[in-house]
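Notes for the one structure printed next.
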Amino acid sequence: MRILFATSEVAPLIKTGGLADVSAALPAALHDLQVDVRILLPGYPQVLSALSNLQTVAEFPALPGFPAARLLADTLPNGVPLWVIECPELYKRGGGAYQNEAGVDWPDNAQRFGLLSRITALLGSAASPLNWHPDVVHCNDWQTGLAPVYLHGAAGAAPCVMTVHNLAFQGIFPPKWVADMGLPKECFKLDGVEFYGSLSFMKAGLFYADHITTVSPAYAKEIQTEALGFGLQGLLYQRRDVLTGILNGIDTEEWNPATDPRIVRTYSAYNLNGKSANKRALQRRMQLQLEPETPLFGLVSRFTEQKGLDVVLEIAPQLAALPAQLVLLGSGDEKMQHAASQLARDYPGQIGVQIGFNETLSHMIEAGADIFLMPSRFEPCGLNQLYSQRYGTPPLVHATGGLIDTVVDCNKYTLMRGSASGFVFKQMDAATLLDTVVRAIETYHDIEAWHNLQLNCMRKDSGWRRSAAAYLEIYARVMKQRAGAA
Ligand code: ADP
């Protein structure tokens, strides 16, 4: 089976969130299952400079609405072939994948990700300049959402799967881009790519893809409701027969406390002794009191309301008074960044804050914290709760999306059954979060219960194998449908 996997980020080359992790790990898992999978990614400077063996495999003359581009090929260390679109006009600049250094979206994002979508579709149809033709095109999030539109009706078009990693980001642009990027004007309607008078990349993908997946079964249901459908719930409900939730896995080599080179002492479910050295190292790194018994809460996240960071900041003073310690790593909303930094100044030795993106510190927090905080308002799947479980750091989560599917609340019954894998609260407010923090601390002080909870977490199988097999089933299904329709 040949799969073209189109995405706007792949870890560790370029990463803003979970999409990058999935775009690295899922193709690797498919590759292990003997699938011929190729990743397609824009040629940001970070990507071009990290790859040392790029070879030109195709030249694309300027397509309507886009500058000329080249396709460069390399192979990732895990053996997965990678194609990079070189187009200096659109991708060669400082800043990040979507925004400039000041955190402002690039004004030509429609065209930047229009080109990614356009070339995805080209490689997935008879017009491809390559002699490798995919059986299925796999698109990810709005950045590739136009590919199914371009593929629609193209000669020799492969069927297309669209995965929603986060419906909150939709890629909405002025309608002029429809004509400017060579899209047929008939597609700009309610039953098409139009969203309240604008062009929506996400809606385009959801409307034209042969199958839609999202990253957890619970989120697949939630996005069909007004509360979490971001205006697309009607379309998603209409397409529910071709909408499947497949839980993300994690890269179990990258996130393995038994071998992790980023932590001071490795450990495993067989011998958890090393965990306390990691706690001490984290306390030292964040200038917290070196108290082994004080429960230490960790958080690694984008600073947004989605992640419930506002509520964490609200309870932080009460949490510190319990007493407990708190470590926050992340960046995003400026007000939240300021409030977090102020807390660190107000509670020296008890609250530590690092603003920014720091891969090493994120591993140190997973290993060194006692409890991982993840009170997201909504969470398509979430990866950090899975990492923290693997590191024996039970997550404390709000009951939403993938957090429902991956964390079983700890109580006497679930502990006895051996299924408890964290702490779950249902109502999203400060009082409930604080109650759950207290409940977690009570369990933390019960040494035997805590040890059992840690072991349950660490023994969970969160690898990609099962989920990769579920994607294979979807690929087979759309191929069969297409063959039947031909
Ligand atoms: P989302 O994709 O919504 O941001 P996920 O939990 O699915 O959330 O994935 C987030 C990924 O990004 C995880 O691998 C997490 O460790 C990482 N991450 C988020 N913020 C930071 C940060 N400040 N430093 C390092 N890693 C981060």
(1) assigned to a loop (DSSP other than H, G, I, E, B); (2) free of Cβ contacts under 8 Å to residues at least 40 places away in the same chain all hold for residue 220 apart from (1)
Within the range 445-456, can one find any residue that is outside the structural domain of residue 168 (by TED's automatic domain parsing), closer than 24 Å to residue 306 by Cβ and at pLDDT 95 or above? no
Answer residue from the range 159-218, given it is polar (S, T, N, Q) and under 25 Å from residue 469 (Cβ atoms) and is modelled with the lowest pLDDT among those: 166
Return only the number of the condition from (1) aliphatic (A, V, I, L, M); (2) farther than 25 Å from residue 301 by Cα; (3) in a loop (DSSP other than H, G, I, E, B) that residue 97 does not satisfy. (2)
Could you give every pair whose Cβ atoms fall below 6 Å, whose first residue belongs to the range 402-428 and is on the phi > 0 side of the Ramachandran plot and crowded, with 16+ Cβ neighbours inside 10 Å, and whose second residue is in a loop (DSSP other than H, G, I, E, B) and at pLDDT 95 or above, counting only separations of at least 6 or pairs across chains? 422/394; 422/407
Quick check on the range 153-173: of everything there that is over 27 Å from the mean Cα position of the chain (by Cα) and touching a residue at least 24 places away in the same chain (Cβ under 8 Å), which residue is nearest to residue 209 (Cα to Cα)? 157
Within the range 337-447, strands (runs of 3 or more DSSP E) holding 2 or more residues that are among the aliphatic types (A, V, I, L, M): 351-355, 371-374, 395-398
Restricting to the range 256-273, and then to whatever is at pLDDT 95 or above and in contact with a Lys or Arg (Cβ under 9 Å, 6 or more places away or on another chain), can you tell me which residue is nearest to residue 455 (Cα to Cα)? 269
Select, from 465, 482, 459, 477, the only residue that is at pLDDT 95 or above, out of contact with any His (no Cβ under 8 Å at 6 or more places or on another chain) and surrounded by fewer than 22 Cβ atoms within 10 Å (Cβ to Cβ). 459
Residue among 35, 47, 10 that is within 16 Å of the ligand (Cβ to nearest atom), surrounded by 17 or more Cβ atoms within 10 Å (Cβ to Cβ) and of a type outside the set (D, E, K, R): 10
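The values are calculated or read from the model by the stated rules, or taken from the named source; none is laboratory data. Here the structure is a predicted model, which means the values were calculated and not measured. All Cβ positions, even for glycine, are placed from backbone atoms using ideal geometry, and neighbour counts span all protein chains on display.
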